[in-house]
Amino acid sequence: MIQKKICMLGGFAVGKTSLVRRFVSNVFSDQYQTTIGVTVEKKCVTVASQEIMMVLWDLYGEDEFQHVRDLYLRGSSGYIVVMDGTRKDTLQTALALQQTAANTVGPVPFVSIINKADMRSEWEIDEHVIEQLRDRSWTVLFGSAKLGQGVDELFLNLATQMVQRPPLSNTHP
Amino acid sequence: MSSDSGRSLPNSPTSEGFTSREEDWTQLRTLLLAPEQTQLDELRERLDHRMVHSQEVSQVLPEAIAIRGVGDQQLSNALTPYVENGFIAAVRKSPRAIVDAIAPIMGPAIRQAIARALQSMTQSLNRSLDESLSIRGLRWRLEAWRTGRPFAEVVLVHTLRYRVEQVFLIHRETGLLLHHVATDAAVVQDQHVISGMLTAIQDYVRDSFGASPDQTLDQVEVGEWTVWIEQGSQAYLACVIRGTPPASLREDVHDALAHIHALHANALADFAGDATPFKATQPYLESCLLAHYERPPKQGALKGWILIGLIVLGVVWWGWMAYQAQSRWSHLLDRLREEPGIVITQARSMWGDYHIEGLRDPLAKAPTALVIEAGLNPATVKMEWAPFYALDAPLVLARAQSILRPPESVQFHIEGGILVATGSASPDWAREAKRLAVLVPGISQYRDDGLVTASISALLDRINRTVIHFPSGSSTVEPSERVALDTVAAILRELDQLVSQSSQRVHLEVLGWTDATGPPARNLQLSQERAEAVVAVLREKRLDKAATVVLGSVRPLDQGGSNQESANQRVATLRATLTAQGQDSQTADP
């Protein structure tokens, strides 16, 4: 078994913690609880007959007052960028965070997800924008932590990418 | 091209020309195509003979495996089942060889594990035995019962100075767990999450306080636990310690981490999530699992027992003394209650001081004597007595005696509140007694029916008429005559009582007599002997104080008396008189 550090990135209240809890414990709570600092969870998955322990660092949500420090990103083997489909501003935050992550940990695999698919009618992020993201070679998935849709796929997708890519040297710029 | 040339050769027109041309062609072909032909033969040889192919593969196989192994895990995944099957087959085929191979590794490991388990068991057994029977142990049992915690945990909390319960070796950059060891007693949560959180907490603290990377979080304290973090360049050690560890433990942890860095420098630098190589760090991490228990000094325990013994002895002695004092006190109260003329109205004791209040007849026995008799110190017993007249018969009698002052010849006794006087007394006393008796408290009536009253002169007369007879020629008082002397003695005592108040004394003169027969000198001597004999008898009755007894003169023989008369002269006679200052005041002659 190999262990991998994975960071959850995204604006505040996009559903990072909800996705992690749905993935790890298969539970969901409507009550919003802001994450202070970091919460660490773990789950083991098997991808391509390779067992992986995903150690998930659920970071606090970034907003105009609090910027995610690169300190927490160090040593990540992959990361997940979460957006809230109903708030267009979370897209800008996601782009900025991805840039920070790429600068800190280098070209490691990452997956992005537009959460709250259960409220599709209220989405502000449209197909055009999503296409632009995919043009930038982003993997963009849709999901709902509330309904449990697309959650396992999200993490397994990242795990698969990490297995396929030869391990990088941990030295980064 | 060469094959085309070859195919055109058999088309020659003549046999001779054909042969020579054939040879030429062969020569030419050999000259031109010899290297290619050799290569062609070799290739055919390779295709036809696999052995040759394997040999060449064997030359590149190690490199090939190494290159592929670096690329990804697929080679390992592909080989794992075959390696497993091969190993199983090998074990089945010759287990002995496997045993021989692993024995040098497994033997010490098993011995070490068993030794550690035994040591741990012995330690806990010793501690349990030590603590089960002591006062402290009982107190801890009580605490365990009260708080609902296991006894072992309560003992641990009280005796443990420190114990390293878990050691985490954590990759510094990723926060991933490299290796983890824990004691049997430790409660281990998810160590992977803990190692991630420990790293995150350090990052968080550093981020929050704007610390530089070399400023690190070294210690976290949570309740009974302390987490020590020892930083290394690539990895850090986190020790979960229960209790208060000594500073020297830091050095041990630091040494262990330094060894790990030295031995696993490459593995640490290349770490990409596979923690397998770090299983070899187990001994170093275990070397950090130290513990120190507080052992109560034996001497202290002995002192404690002696102290407890002394306290118990003291309590027993105090209890015994208190019991004895209480017994004496009860005994005193019983005795006082029994005693006539004493009534207790209030009695209390407090810390060795006693207080009694009550009524006491002045004629009753002194209470202090009873206190001493009961064994108590009179100084500790305070008594307050109010005087009163008791109606108990002995006290009424004593009171009558003290007030009426009867002569010795008078006896008193009480019959249901009636004072009865018997014996003999002077008429004066009898009259006075009759008047005073009914005034004595406790006496309702006075009866003196049995009291004989007589005058002094009548009594003197009775003595003077007494005659003691002797046989002829004898001066021995016959037993029959002694009765008369007894009466004389009683009268003398009575007289003595009667005259005692008038400062007079009774004077008794004894006279001896003889008959006319025999020589006068002999008779004179005999008469003297008879008088002395009577005096001797009276003296036996101890009348010295009652009367002055003197030997009287010896009367000469009366001349011319008859025999009958002569017989009557063999006597001793008495003459009692009252004297004042040695002089006769009253004489009664027979």
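Only residues that are closer than 13 Å to A:I36 by Cβ, more than 7 Å from chain A (Cβ to nearest Cβ) and open to solvent by less than 50 Å² (accessible area, probe 1.4 Å) were counted across region B:198-209, and they come to 1.
Within region A:7-45, the set of residues being closer than 22 Å to A:Q99 by Cβ, within 12 Å of another protein chain (Cβ to nearest Cβ) and surrounded by 21 or more Cβ atoms within 10 Å (Cβ to Cβ) comprises A:C7, A:V38. If we scan region B:369-384, do we find a residue that is hydrophobic (A, V, I, L, M, F, W, C) and over 42 Å from the mean Cα position of the chain (by Cα)? Within region B:369-384, not a single residue is hydrophobic (A, V, I, L, M, F, W, C) and over 42 Å from the mean Cα position of the chain (by Cα).
Residue by residue, here is whether (1) surrounded by fewer than 12 Cβ atoms within 10 Å (Cβ to Cβ); (2) outside any loop (DSSP other than H, G, I, E, B) holds:
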{"residue": "B:V420", "(1), (2)": "no, yes"}
{"residue": "B:D428", "(1), (2)": "no, yes"}
{"residue": "B:I443", "(1), (2)": "no, no"}
{"residue": "B:L451", "(1), (2)": "no, yes"}
{"residue": "B:D461", "(1), (2)": "no, yes"}
{"residue": "B:S475", "(1), (2)": "no, no"}
{"residue": "B:S480", "(1), (2)": "yes, yes"}
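All of B:I67, B:I105, B:I98 fail the test of being under 30 Å from B:E286 (Cα atoms) and open to solvent by 90 Å² or more (accessible area, probe 1.4 Å), apart from B:I105. When you scan region B:253-268, do you find a residue that is assigned to a loop (DSSP other than H, G, I, E, B), under 26 Å from B:H171 (Cα atoms) and either more than 14 Å from chain A (Cβ to nearest Cβ) or open to solvent by 90 Å² or more (accessible area, probe 1.4 Å) (or both), even just one? Within region B:253-268, one or more residues are assigned to a loop (DSSP other than H, G, I, E, B), under 26 Å from B:H171 (Cα atoms) and either more than 14 Å from chain A (Cβ to nearest Cβ) or open to solvent by 90 Å² or more (accessible area, probe 1.4 Å) (or both).
So, in region B:505-535, of the ones that are without any contact (Cβ under 8 Å) to a residue 40 or more places away in the chain and small (G, A, S), which residue ends up most open to solvent (accessible area, probe 1.4 Å)?
Filtering region B:505-535 for residues without any contact (Cβ under 8 Å) to a residue 40 or more places away in the chain gives B:519-525, B:527-528, B:535.
Still in the list and also small (G, A, S): B:521, B:527.
Numbers: B:A521: 78, B:S527: 1 Å².
Selected residue: B:A521.
Restricting attention to region B:70-95 and to residues that are hydroxyl-bearing (S, T, Y) and open to solvent by less than 80 Å² (accessible area, probe 1.4 Å), the residue that is farthest from A:I2 (Cα to Cα) turns out to be B:S94. Residues in region B:485-494 that are open to solvent by 30 Å² or more (accessible area, probe 1.4 Å) and at pLDDT 85 or above: B:D486, B:T487. Among the residues in region A:148-166, are any open to solvent by less than 10 Å² (accessible area, probe 1.4 Å), touching a residue at least 60 places away in the same chain (Cβ under 8 Å) and among the acidic types (D, E)? No, region A:148-166 has no match at all. Condition (residue is in a loop (DSSP other than H, G, I, E, B), touching a residue at least 24 places away in the same chain (Cβ under 8 Å) and within 12 Å of chain A (Cβ to nearest Cβ)) applied to region B:175-197: is it met by at least one residue? Yes, the conditions are met somewhere in region B:175-197. Out of region A:60-87, which residues are touching a residue at least 40 places away in the same chain (Cβ under 8 Å), more than 14 Å from every other protein chain (Cβ to nearest Cβ) and either surrounded by fewer than 21 Cβ atoms within 10 Å (Cβ to Cβ) or over 24 Å from A:D118 (Cβ atoms) (or both)? Residues satisfying the conditions are A:D63, A:R87.
The residues of region B:111-142 that are farther than 19 Å from B:H292 by Cβ, of a type outside the set (S, T, N, Q), modelled with pLDDT of 75 or more and open to solvent by 40 Å² or more (accessible area, probe 1.4 Å), listed by number, are B:R111, B:A113, B:I114, B:A115, B:A117, B:L118, B:I135, B:L138, B:R139, B:R141, B:L142.
Checking the stated criteria, B:V157 turns out to be within 13 Å of B:G243 (Cα to Cα), among the β-branched types (V, I, T) and either out of contact with any helix residue (DSSP H, G or I) (no Cβ under 7 Å at 6 or more places or on another chain) or within 14 Å of chain A (Cβ to nearest Cβ) (or both).
The values are calculated or read from the model by the stated rules, or taken from the named source; none is laboratory data. No experiment lies behind these values; they were computed from the predicted model shown. So basically every Cβ, Gly included, is an ideal-geometry build from the backbone, and we count neighbours across all protein chains shown. Areas reflect the complete protein model, heavy atoms only, side chains present, ligands, DNA and RNA absent. Shrake-Rupley method; radii C 1.70, N 1.55, O 1.52, S 1.80 Å.
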